[in-house]
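As structure tokens, the structure follows; a few thoughts come after it.
The values are calculated or read from the model by the stated rules, or taken from the named source; none is laboratory data. A quick note: this is a predicted structure, and the numbers were derived from the prediction, not measured. Backbone-built Cβ (ideal geometry, glycine too); neighbour counts: all protein chains shown. These area figures cover heavy atoms from the full protein model, side chains too; ligands, DNA and RNA do not enter into them. Shrake-Rupley method; radii C 1.70, N 1.55, O 1.52, S 1.80 Å.
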Amino acid sequence: RHLANSVEFNALVGFMAVVNAVLQGLELDTGLGRTLEERMNFFLADCFFACFFFGEMLLRQNQLGWEYFLVPWNTFDFSVVVLSCLDIVVALTNSDQSTVKLAPLLRVCRLLRVASFVAGMQAFHGMWLVVSGLTSSLAALFWTAVLLMLTIFIFAVAFVTFLANDAYVVEQWEEVNVYAGSVYRASLTLMQVSTFDRWGRLMRPLMDWSPIGLAIMMLSMVVINFGIFNVIVATMFERLTTLKNAQELKNGKRLRSVEADLFRMLGDDFRKYDVNRNGELELQEFSKMIQNKDVAMKLRLLGIHADEAEQIFEMCDADRSGALSPEEFVDGVQRLRGPARSQDVVGLISYARRQCKVAKANTDRTRLLIKKADAIQERLDWCGRTLAGECYERADTLRRRNEVWREAAAWEKAVGDMDKERGITFPTLQD
């Protein structure tokens, strides 16, 4: 990048142009004299600025070559630099300086060049827009001024006709000749009233002595203030709107050009990370690519954050093949960052409808499974009740069995006791 095309260098040139103009004004205010000894400090400052702007001219000629003289501002700068050097030579030789009296004025006019420096700066965009609107609407403003002068002249003629030629008004109003003694004076009066400058002082005498003159004055105020002045404002607004739209269109074209360059560089990066040279990137290769700082910065400039590589890969993989082609990648990135196109919206609607059908089928299956689960639950409840009855009966049977065993044990003990007692009391006979 050439030094003469940098923002810092242009800002320095604009600052030096402002300082040069300020010193020129201070030199005129101090009035130190015309001899070199009296204005030595300012002369040294002029030499410094002449050397600086001469170096600036050489830098720009080195950048542009002979195309330097095709730009009107550059030709103006070249003339100012030549006249400044000539002014210094004349001052050193103590010759007649009348031949270069135009040089200080041109150095002050160099301030106009500052406007071209701040044209592309965002901080001064509003000021540049107003200045551009003013300069582009000069033709319309000229014809509006002609219409204004013609309108004032017509009302001035009517004003003089009904006031200066009215003997009663001349007798009662001592200042009638001052404000309406001629068409020229009446024109100045109408200009004064149109700017609301002491217009009450003119209205009160007219209210007392000339109702027709008051009507003419009021009508002129309405036509000039609410008509022609509003036309001027509308013209400026229309030009500002047109320039703003043109600037937005220009910025849009420039942005699209930058985006095209970014997509081209992303395509080159895509081919760079295609290790197996099959024209497609798999998920692992794609993740490695977007983890690169340069690729991540390019995606960030396009408004895409490369944090989720797998998600971006799935969104760009239109055919669900598990690999991305350069066309799929670029088209996917454009769809991710740009507004939704009609085919994208149609595809989204179709996908939503398919998902709705799948969701409805899943809902029907879920309802069927719920019904079957309810039937199974009812059967399980019946089995539970049956098992509970059986468990109760088994518990009752076990209880009754235990009682039987206890009774049998008691009966067996009673029989044993009876046998023992009978053996003791009634001995058996031996054969």
Among the residues of the range 217-227, are any over 19 Å from Thr189 (Cβ atoms) and of a type in the set (Ser, Thr, Tyr)? no
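Conditions (1) at pLDDT 75 or above; (2) part of a loop (DSSP other than H, G, I, E, B); (3) in contact with a Phe, Trp or Tyr (Cβ under 7 Å, 6 or more places away or on another chain), marked per residue:
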| position | (1), (2), (3) |
| --- | --- |
| Ala260 | yes, no, no |
| Ala296 | yes, no, no |
| Glu314 | no, no, no |
| Ser321 | no, yes, no |
| Gly332 | no, no, no |
When the residues of the range 153-172 are filtered to those that are under 19 Å from Arg201 (Cβ atoms) and of a type in the set (Val, Ile, Thr), which remaining residue is least open to solvent (accessible area, probe 1.4 Å)? Val169
Residue among Ala234, Ala215, Ala260, Ala246 that alone is among the small types (Gly, Ala, Ser) and within 18 Å of the chain's Cα centre (by Cα): Ala246
In the set Val130, Val90, Val82, the lone residue that is at pLDDT 70 or above, over 30 Å from Gln247 (Cβ atoms) and either open to solvent by 60 Å² or more (accessible area, probe 1.4 Å) or not in a helix (DSSP H, G or I) (or both) is Val82
